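Engineer: Here you go, one structure.
The values are calculated or read from the model by the stated rules, or taken from the named source; none is laboratory data. In this text, all values refer to a predicted model and were calculated from it rather than measured experimentally. Cβ: placed from backbone, ideal geometry, glycine included. Neighbour counts: every protein chain shown. SASA here: full protein model, heavy atoms, side chains in, ligands and nucleic acids out. Shrake-Rupley method; radii C 1.70, N 1.55, O 1.52, S 1.80 Å.
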Amino acid sequence: MSRRPRGRDERSLGASVALHATLLTATAIALFPVLWVFLASIKPQNAIQSSKVTLIDHPTLENYRHVLFDTSFPTWFLNSVVVAVFTMVIGMAMSATAGYALSRFNFPGKRGLMWVFLITQMFPVAILIVPIYSIMASLNLIDTKASLVIAYCTVAVPFCTWMLRGYFDTIPRDLDEAAALDGLGPFKTFWYVILPLARPGLAVTAFYTFLTAWGEVAYAIAFILSDKKLTLGAGLQQFVPQFNPQWDLLTAGAVLIMLPASLVFYFAQRHLVAGLTAGGTKG
Amino acid sequence: MSTPVVFDAATRVYPGSTTPAVDSLDLEVRAGEFLVLVGPSGCGKSTSLRMLAGLEDVTSGAIRIGERDVTHLRPKDRDIAMVFQSYALYPHLTVGENMGFALKIAGLSKAEITARVTDAAKVLDLEPYLDRKPKALSGGQRQRVAMGRAIVREPQVFLMDEPLSNLDAKLRVSTRTQIAALQRRLGITTVYVTHDQVEAMTMGDRVAVLKDGILQQVAAPLELYDKPANAFVAGFIGSPAMNLGTFRVEDGAAVIGEARVPLPRTATAALTESEVVLGFRPEALEMVAGYAPDAFAVEVLVAEELGSEAFLYGTLEGASLRDPQLVAKVAPRSVPPKGSRVHFRILPDRMHVFSPATGEALPTA
Amino acid sequence: MTTVISAGPGHEPGPARRGRVRRLLDRHWYAWAMVLPTVLVLGVLVLYPLFQGIYQSFTDLNETNNRDLICTQTLGGGEDCVPNPDRAQFVGLDNYVDLLTGERGHFWLLLVNTVVWTGACVFFHYTIGLGLAVLLNRTFRGRSLYRVLLIVPWAVPAFVSAFAWKFLFNPRFGLINSLLSNVGIDPVDWFNHRWTSMFAAIVTNVWLGVPFMMVAILGGLQSIPADLYEAAEMDGATPWQRFRHVTLPGLRPVSSTVILLGTIWTFNMFPIIFFVTGGEPAGETEILVTGAFRAAFEGLRNYSLAATYGVLILSMLVVYAAMYRRVLRSKGEVW
Ligand SMILES: Nc1ncnc2c1ncn2[C@@H]1O[C@H](COP(=O)(O)OP(=O)(O)OP(=O)(O)O)[C@@H](O)[C@H]1O
Ligand SMILES: [Mg+2]
């Protein structure tokens, strides 16, 4: 029996198997830790730390009940949502406007600004905590969500600006010029013409700013003093006393933390490739 | 209610460059006129147009639209519409929204916008497409949307920067006539940029020829063809291009091969060198049988037979020319074969004489 | 008497300097307005502390001497302040000398750790990311599902991944040790030895960072025009040669930026080391950032020493970035 000749875009069975085998392995590794935490979270407390490792062991939602009703978890969760959403909105607004200015206008100070962005990525955040703390204190912002939102913006905005600038660079300047002739000033052009076209870039920015704020620990511990105002990252640290981590609470909490992150991720992921690259191809 | 446009010594020097991209441009576009800016690539056509649109700063000089000095006005305050080479349609808006966008920004009522967009769409045969996004249109349709966006504005001036260059040859020809007709009907002053001299000749009321940022000549198409102001314009306008060559001058006649071609007395009088630049169009050559004192021999390299007309490409024999290539228009269907040797003479009143030093046309009458 | 003929904007009378400022403002005000919020926030919260940190690194500032004034409540409810006699003093390069000679802290140990950590992480991020991106750049069924699933680690907050992996590496009930014993290898006490501990941290960070690289490179791959591959194929290039001569050069703009950024980020990656190894065993897996953090927050809070770490880190990265740029430029890369 004669074999059908292989088309250009087809590959041999062996290559196909190898491709899928590699990707399946990679996917398994990517998902496994998450899955394992989930599996642990539905084990009874003593089974998590048993030295006999099992996949599923008396599945129960007890840990979740415990986290949700016996701790401040819901409050922390709400705090985190507020902080992350505000960081996302403010961070996007800041990086989009700055990115647009950097992409379209030649203004004195532009080069310096680009350098500042790079330098801010270089100075370790861990060390900035103390001085930022004193600044926040003098602004009376300690123990407020605003302090966190502002601090997270400093972390996320440089990269987002740089990435959005790359994205805006891919939008033809003709459109700005057409808009200028249609009677729009720079701000209206940005709002009516550029932003609607920059959705992929904005989606990545949203994703990035949200995640920056969502799981952050160091600033949150430093700036927030009262239990009721803690965010998730900081709150969960209470489950990790030095010698006796409460794995039952931790695992359940970790799974609950990942849910909103996955939601944001789900909406952004379609755009990630297009959005990030434009930034990546431009220095 | 159309408006004239004046470039008054308008100059544009790009930052970081020393030579001006447009050098002291003096040009008046009359009210309601269709003026074509033409010239080779990089000569500053787009820059001139963009200065008028306000998209490029004017380094020195002034630009006026009607009575208004617009030199330092923002584009949006100039009441100008422009058709871009890339069309620059907003990808996220439908055709209708694209066309009505400027009106919406200007704060017109919904009903008014709809009425004007529908009118324009009717004129441009775009009615079936009003709800589509530009992505779902063909090149020609996008071009018409770009036109529509300009005409709904009813601006004082239309600007178009090579609006046809993305269309295929056939569509370009038909769109060309549509645009010209539309402009005549609307009577709006129009500046049109192209590098295609056929477009320039067929569309413009007048044509302005630019080279290296300097205006060479402004005239009606036929005048440009018949009385080019210098050798550059002569060579640029017309297809196939005018034959141009530098020849020795002896006793008031140019030496072309073995032939002596008498020059007009006015021209020799103005001539300071012993050489002259002669220009003659392909159709200004006449084939002669056998010998004549002013006829020169040409060896045929290629014959282009088009049915209604024919062109011979040949080398000028015995000529001390840098480029001895020559094009002649001959009667079709009896073209001399390749490799044969034929004689031509220049029709005396169809000859152009230019100074070899300046390239300026010398008086022939 | 002088007559001033005012001719519209840009021709304002007055000193040339004011005219210039005005013109600049006229032209650029909207650009400046657009970057203003970012500049303000970064200026106040990053640049100012940064310069402050540089200054502090030349002092002996710590928890006990950080007040300029000592205030006591007076009976009337007011405050009575006197200058603090023990306030922080300028000590010149002492902090740097102490750090670099090992007088205080373990700078060189931390530096070696940091370099190993950064080098290994960036290397694996890039190679694995590149490999996966190349695979995902082909067309086959299930491609977009693979892509989504492979990006998942990016969406997991860093400290959650740190916990997850610490859990997996747990010497007593971790899955990894139980798998090892299943295949007959002795369980490893991961956090009891410098390099196994570092290994665990690197694995965690690689897991966390590959998706970003993969997505960025995937985008870079998609921006390489398909006809380049076709041309190379017509020239008889083998798949490997095509990868070598079309893919890699085409990726260079993306690669050069993500590698630079990746290096900077990993160099300063705090949570993974902090949560996964916590420096175990006995501080042998600390990197510079975590060392600085401990100086600033543990025991007697020594702000000046932390700042010194920060300045050293910053200067190393600046030098690195400048060299990186120069190398790229010598290879004809514009950046
Ligand atoms: N932004 C710019 N910066 C510096 N120089 C420029 C810039 N834009 C154009 N130029 C230069 O100015 C000159 C004129 O350019 P212009 O775009 O007006 O040419 P053009 O006549 O429209 O050519 P084409 O037919 O190719 O479109 C060219 O030499 C070009 O290199
Ligand atoms: Mg042009």
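Engineer: Given springs between every Cα pair under 10 Å in a Gaussian network model of chain B, which of B:A331, B:A284, B:A21 has the largest fluctuation?
Structural biologist: B:A331
Engineer: Summarise the partner chain shielding of C:167-173 as one whole number: the mean count of Cβ atoms from other chains within 10 Å of each residue's Cβ.
Structural biologist: Mean number of neighbouring Cβ atoms from other chains: 5.
Engineer: Between C:R147, C:R194, C:R23, which gets the highest mean-square fluctuation from a Gaussian network model of chain C, Cα cutoff 10 Å?
Structural biologist: With Cα springs under 10 Å in chain C, the top fluctuation among C:R147, C:R194, C:R23 is at C:R23.
Engineer: May I ask for the distance between the Cα centers of segment C:231-290 and segment A:169-245, given as a whole number of Å?
Structural biologist: 24
Engineer: To continue, here is another question. Around A:G91, under 15 Å between beta carbons, what's the net of Lys plus Arg minus Asp minus Glu among the other residues?
Structural biologist: +1
Engineer: Next up: For the pair B:E317 and C:F123, how long in nm is the line joining their label points, each one 7 Å along Cα→Cβ?
Structural biologist: The modelled label-to-label distance comes out at 7.8 nm.
Engineer: With each pseudo-label sitting 7 Å past Cα toward Cβ, what's the B:E309-B:V198 distance in nm, one decimal?
Structural biologist: Result: 1.1 nm between the two label points.
Engineer: Determine the shape class of segment B:106-215: with a ≥ b ≥ c the square roots of the Cα gyration tensor eigenvalues, call it rounded for a/c under 1.5, and otherwise prolate if a/b is greater than b/c, oblate otherwise.
Structural biologist: prolate
Engineer: Relative contact order for chain B using alpha-carbon pairs under 8 Å, separation at least 6, rounded to a whole percent?
Structural biologist: 16
Engineer: A further question on this structure: Just for the protein assembly as shown, what percent of DSSP beta bridges are antiparallel, to the closest 5?
Structural biologist: Antiparallel bridges make up about 80 percent of those DSSP assigns within the protein assembly as shown.
Engineer: Evaluate E = 1/(1 + (r/R0)^6) for C:E230 and A:W191, where r is the Cβ-Cβ distance and R0 equals 41 Å; express this FRET efficiency to the nearest 0.05.
Structural biologist: Once rounded, the FRET efficiency stands at 0.50.
Engineer: To continue, here is another question. Quick one: which residues, 5 or more positions from B:V83 or on another chain, have an amide H under 5 Å from its amide H? H modelled 1.01 Å from N in the peptide plane, none for Pro or chain starts.
Structural biologist: Amide H neighbours of B:V83, under 5 Å, 5+ apart: B:L159, B:M160, B:D161.
Engineer: For segment B:101-116, just list the computed ³J(HN,Hα) in residue order, Karplus coefficients 6.51, -1.76 and 1.60, θ = phi - 60°, integers in Hz, with x standing in for Gly and Pro.
Structural biologist: 4, 4, 5, 5, 4, 6, x, 6, 6, 3, 4, 4, 4, 4, 4, 5
Engineer: State which entries of B:K110/B:K170; B:K104/B:K135; B:K45/B:K104; A:K145/C:K166; A:K43/C:K166; A:K43/A:K228 exceed 26 angstrom in Cα-Cα distance in the structure shown.
Structural biologist: B:K110/B:K170; B:K45/B:K104; A:K145/C:K166; A:K43/A:K228
Engineer: Quick one: order B:I151, A:I119 from most to least accessible surface, probe 1.4 Å.
Structural biologist: A:I119, B:I151
Engineer: Moving to a separate point now. No solvent, one uniform scatterer per C-alpha: report log10 I(q)/I(0) for segment B:256-365 via the Debye equation at q = 0.20 1/Å, two decimals.
Structural biologist: -1.07
Engineer: If you don't mind, there's one more thing I want to ask. Quick one: 3J(HN,Hα) in Hz for segment A:60-66, Karplus 6.51/-1.76/1.60 with θ = phi - 60°, rounded, Gly and Pro as x.
Structural biologist: Couplings: 8, 9, 4, 4, 5, 4, 4 Hz.
Engineer: Okay, moving on. Note down the nm distance, to one decimal, between modelled labels 7 Å out along Cα→Cβ at A:L61 and at A:N46.
Structural biologist: Between A:L61 and A:N46, the label points sit 2.4 nm apart.
Engineer: Looking at chain B only, what percent of DSSP beta bridges run antiparallel? Nearest 5 please.
Structural biologist: Antiparallel bridges make up about 75 percent of those DSSP assigns within chain B.
Engineer: Does chain C come out rounded, prolate or oblate, given a ≥ b ≥ c as the square roots of the eigenvalues of its C-alpha gyration tensor, rounded meaning a/c under 1.5 and, failing that, prolate meaning a/b above b/c?
Structural biologist: oblate
Engineer: Estimate the FRET efficiency between C:Q241 and C:K331 by the formula 1/(1 + (r/R0)^6), using the beta-carbon distance for r and 25 Å for R0, to the nearest 0.05.
Structural biologist: After rounding, the FRET efficiency stands at 0.80.
Engineer: Continuing with this model, one more query. What's the average, rounded to a whole number, of partner chain beta-carbon atoms within 10 Å of each residue's beta-carbon in B:101-114?
Structural biologist: Mean inter-chain Cβ contacts per residue within 10 Å come to 2.
Engineer: Which cross-chain or sequence-distant (5 or more) residues have an amide H under 5 Å from the amide H of B:L37, H modelled 1.01 Å from N in plane?
Structural biologist: Hits under the 5 Å cutoff: B:Y192, B:V193, B:T194, B:A208.
Engineer: Which loop-located trypsin sites (Lys or Arg not before Pro) does segment B:184-215 contain, where loop means any DSSP state but H, G, I, E or B and the Cβ has at most 13 other Cβ atoms within 10 Å?
Structural biologist: Sparse-neighbourhood loop trypsin sites (Lys or Arg not before Pro): none present.
Engineer: What does the charge count around A:P124 come to, taking other residues whose C-beta lies under 15 Å from its C-beta (Lys +1, Arg +1, Asp -1, Glu -1)?
Structural biologist: Net local charge, A:P124 excluded: -1.
Engineer: Kindly report, to the nearest 10 Å², the accessible surface of C:W207 as traced by a 1.4 Å probe over protein heavy atoms only.
Structural biologist: The value for C:W207 is about 20 Å².
Engineer: List the residues whose amide H sits under 5 Å from the amide H of B:Q216, counting only those 5 or more places along or on another chain, with H placed 1.01 Å from N in the peptide plane.
Structural biologist: Under 5 Å from the amide H of B:Q216 lie the amide H atoms of B:V209, B:L210, B:K211, each far enough along the sequence or on another chain.
Engineer: Compute the relative contact order of chain A as a whole-number percentage, counting only Cα pairs closer than 8 Å that sit 6 or more residues apart in sequence.
Structural biologist: The value is 29 percent.
Engineer: Please find the FRET efficiency linking B:K122 to B:S2, where r is the Cβ-Cβ separation and R0 is fixed at 30 Å, and quote it to the nearest 0.05.
Structural biologist: About 0.85, to the nearest 0.05.
Engineer: Highest mean first, how do A:95-102, B:77-84 rank when packing is the count of other Cβ atoms within 10 Å averaged over residues?
Structural biologist: A:95-102, B:77-84
Engineer: Let me ask you something else. Which of the GluC sites (Glu not before Pro) found in segment B:245-299 are in a DSSP loop and have at most 12 neighbouring Cβ atoms, other than their own, within 10 Å?
Structural biologist: B:E273
Engineer: GNM on chain B, C-alpha springs below 10 Å: top fluctuator among B:M287, B:M99, B:M201?
Structural biologist: The residue that fluctuates most here is B:M287.
Engineer: Mean separation of Cα pairs under 8 Å and 6+ residues apart, divided by the residue count of chain C: what relative contact order is that in percent?
Structural biologist: Dividing the mean separation by the residue count of chain C yields 23 percent.
Engineer: Right, another one. Between exposed trypsin sites (Lys or Arg not before Pro) in chain A, where DSSP calls loop and at most 16 other Cβ atoms lie within 10 Å, what's the longest gap?
Structural biologist: Longest run free of exposed loop sites: A:53-283.
Engineer: Express in whole angstrom the spacing between the alpha-carbon centres of segment B:323-360 and segment A:89-150.
Structural biologist: Taking the Cα centre of each part, segment B:323-360 and segment A:89-150 sit 72 Å apart.
Engineer: Kindly write out, for segment B:190-200 in residue order, the coupling ³J(HN,Hα) from the Karplus curve 6.51 cos²θ - 1.76 cosθ + 1.60 (θ = phi - 60°), rounded to whole Hz, with x marking Gly and Pro.
Structural biologist: 10, 10, 10, 9, 8, 9, 9, 6, 5, 4, 4
Engineer: Which lysines, if any, have their Cα less than 20 Å from the Cα of A:K110, not counting same-chain residues under 8 positions apart?
Structural biologist: Answer for A:K110, where 20 Å is the Cα cut-off: A:K282, listed by chain and number.
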